[in-house]
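J.: The structure follows.
The values are calculated or read from the model by the stated rules, or taken from the named source; none is laboratory data. In this text, all values refer to a predicted model and were calculated from it rather than measured experimentally. Cβ placement follows ideal geometry from the backbone for every residue including glycine, while neighbour counts extend to all protein chains displayed. Please note that ligands, DNA and RNA were not included when accessible areas were found on the heavy atoms of the full protein model with its side chains. Shrake-Rupley method; radii C 1.70, N 1.55, O 1.52, S 1.80 Å.
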Amino acid sequence: MDDDITIARNARLERIIDLAESRLGLDPADLEPYGHYKAKLSPRLIQDLENRPDGKLILVSAVTPTPAGEGKTTTTIGLADALNSVGKKTMVCVREPSLGPCFGMKGGGAGGGYAQVAPMADINLHFTGDFHAISAAHNLLAAMVDNHVHQGNALGFDVRRPMWRRVVDMNDRALRKVVVSLGGVANGVPRETGYDITVASEIMAILCLSTSLQDMRERFSRIIVGYTRERKSIVAGDLGAHGAMTVLMRDAINPNLVQTLEQTPTFVHGGPFANIAHGCNSALATNTALKLADYVITEAGFGADLGAEKFLDIKCRLTGLRPSAVVLVATIRALKYSGGADLKDLNAENVTVLLNGVANLDRHVANIRDNFGLPVVVAINRFGSDTPREIEALVAHMAEQGVEAVMADHFAKGGAAGAVDLAHAVARTVDGHDTPELKFVYEDSDTLWQKLEKVARKIYHAGEISAAPAVRKKIDEFQNQGFGHFPVCIAKTQYSFSTDPTLRGAPSDHVCTIRDAYLSAGAGFMVALTGDIMTMPGLPKQPAANRIDIDGAGNIVGLS
């Protein structure tokens, strides 16, 4: 089988204007093309669609990620292609990939095999420039903060306290802690600061939760950029920065339209990480897709304890979106790893270890059904090493739990040939049924600490939640300052239900320690940091950048 980029390069794509007209009934004037195969929607179209009825929203999540791979994005794409192939008008909504993981360890975010969105290289690299706009708007605000301090500090920034950091869309551990404004009086007031990766920026979170350009502008004005010595917050609006930031984001707010390899229309827009941010594509793209299609398949990053919880407790709470069902992606290899198998042994049949690892899948299923009240379908993403006995054992186990589990082979065969059974299972689950009443893990009226406790206990199955006195005091101050109604976004390792990435399976009664917290006041939630999770990743010993190159014909090679 060819590698991902070769498959993508050989794919037959429709011109995006033709695809929008034939699949979505859109006029060329509704699009702003970026070349032949990608375009942004016009703001006028989004407004014109407001009164159309909504289609059904299907959320795709997954078991706890492992080095064995799960294939959540490929399943999202394959399921949508399969639904279209059986006559269901379907769209995909996924996040934009970050350059950091593309050149680091994870790789790109456009799917893989024969379940990809295209043009794959464009999407994984600079695409339509959204991330560059986010970085520019974020760093403009940082420049204006430092300039204000240099020009007399009329707002009274306390430079001893954390101030607005800068961002770059690359994994670069050397930038986690830096000192700026060295070199004398003309260069400003020296202080310690640092960089985050662009996908952790509050600007990214705001992009993904804004309903319009003016809503975005208002949210920008509320961003907390520092504090006075009296601990009074200073916001971007105090600096008069929010207007110029919105100018830089004028085009970035409009959803990007592309297609799968089987010509399913796809919105790729926004890209916050789920382990350090809220992990969902833009609400504007999701809402627009629901006006254009009968089914919208979207994904939430990493396992359901992270992406799905944040999708439901943050995105759905703040936007009114309501999924009709959740598809949980599992692989037999990943479940064997969760059951204790070594990576080198995952290709060998082992039903006993598989059934030990199924506890991880069971936990995610129960979390979705019990805490959120949503029906679940399990998608078993096929690998070549899966054996009939293992498949039969997993399907039978899930049937005992009252959950339909369906094998899908979209990676090797494409959605129309490899995921039709999954498409029918999803359709059976949602067709003829009202959208379920969505429950949340916590109430708006709970305190911030109570919200953290409920997520830790109900979703992570922690026995205890703790924080150092200084961190607890900070959270209490946020509560007393009037931010207690905010949802919480917990930054946690994706590799375990616990905050310890080495604890596999379904650990319980562990301690969830909150080591720091900060407000994303413009986005509208509080972020709590756990474990050793960082907002600026580093590159691995052998980064993917070592294999990415370009040949003599100008073709990119090694991108996945």
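J.: Run the reach check for Lys38 against lysines, Cα to Cα strictly under 21 Å, same-chain hits fewer than 8 apart removed. What comes back?
T.: Leaving aside lysines fewer than 8 places away in the same chain, those within reach of Lys38 are Lys89, Lys291.
J.: Further question: Sum up the charges of everything whose Cβ sits under 11 Å from the Cβ of Thr128, counting Lys and Arg as +1 and Asp and Glu as -1, but leave Thr128 out.
T.: Summing Lys and Arg as +1 and Asp and Glu as -1 gives -3.
J.: Could you state the accessible area per residue of the chain in Å², with a 1.4 Å probe and every protein chain left in place?
T.: Using a 1.4 Å probe on heavy atoms only, each residue of the chain averages 38 Å².
J.: How large is the convex hull of the C-alpha atoms of region 425-560 per residue, in Å³? The partial results should precede the final answer.
T.: Numbers: hull volume 30.1 nm³, N = 136.
Dividing the Cα hull volume of region 425-560 by its residues yields 221 Å³.
J.: In the chain, carbon and sulfur make up what percent of the accessible area (probe 1.4 Å)?
T.: Working: 10600 of 21130 Å².
The computed percentage sits at 50.
J.: Could I ask something else about it? Round to the nearest 10 and give me the degree value, 0 to 90, for the angle of helix 420-430's Cα axis relative to the longest principal axis of the chain.
T.: Helix 420-430 sits roughly 70 degrees off the main axis of the chain.
J.: Still on this structure: Which angle from 0 to 90°, rounded to the nearest 10, does the C-alpha axis of helix 283-292 make with the longest principal axis of the chain?
T.: The two axes meet at around 40 degrees.
J.: Here is the link list: Lys474/Lys541; Lys106/Lys474; Lys88/Lys413; Lys177/Lys474; Lys88/Lys344. Which ones come out longer than 29 Å on Cα distance?
T.: Beyond 29 Å: Lys474/Lys541; Lys106/Lys474; Lys88/Lys344.
J.: Separate question: Considering the Cα trace of region 60-202, what is its radius of gyration and what is Dmax, both in angstroms?
T.: That works out to 20.6, 68 Å for Rg and Dmax.
J.: Continuing with the same structure: Just want the answer: with Cβ charges of +1 for Lys and Arg and -1 for Asp and Glu, which residue in Met536, Phe157, Ser212 is farthest toward the dipole's positive end in the chain?
T.: Looking along the dipole axis, the top candidate is Phe157.
J.: Follow-up question, since we're still on this one. So for the chain, what percent of the C-alpha to C-alpha distances run longer than 43 Å?
T.: The share of Cα pairs beyond 43 Å in the chain comes to 15 percent.
J.: Starting from the amide H of Ile514, placed 1.01 Å from N in the peptide plane, find each other amide H under 5 Å away whose residue is 5 or more places distant or on another chain.
T.: Ser466, Ala467
J.: Under 23 Å Cα-Cα from Lys458, which lysines qualify once same-chain neighbours fewer than 8 residues away are excluded?
T.: Once the sequence-local lysines are set aside, what remains near Lys458 is Lys310, Lys315, Lys439, Lys492.
J.: Give the percent of DSSP beta bridges with both residues in the chain that are antiparallel, rounded to the nearest 5.
T.: Looking only at bridges with both residues in the chain, the antiparallel portion is about 40 percent.
J.: Ratio of alpha-carbon Rg to the 2.2 N^0.38 Å globular estimate for region 313-354, to two decimals, please. Mind dumping the intermediate values first?
T.: Numbers: Rg = 16.9 Å, N = 42, 2.2 N^0.38 = 9.1 Å.
Taking the Cα Rg and dividing by 2.2 N^0.38 Å, one obtains 1.85.
J.: Which whole number of Å³ per residue matches the convex hull of the alpha-carbon atoms in region 192-273?
T.: Spread over its residues, the Cα hull of region 192-273 gives 117 Å³ apiece.
J.: Can you show me the helix-derived [θ] at 222 nm for the chain, built from DSSP H runs with n ≥ 4 at -39,500 (n - 2.57) apiece and divided by the number of residues, rounded to the nearest 500.
T.: Mean residue ellipticity, 222 nm, calculated: -9000 deg cm²/dmol.
J.: Taking the square root of 5 times each eigenvalue of the Cα gyration tensor, what semi-axes in Å does the equivalent ellipsoid of region 333-432 have, largest first?
T.: Ellipsoid semi-axes (Å, largest first): 23, 19, 10.
J.: Can you tell me the Rg and Dmax of region 2-119, counting just the alpha carbons, in angstroms?
T.: 16.0, 45
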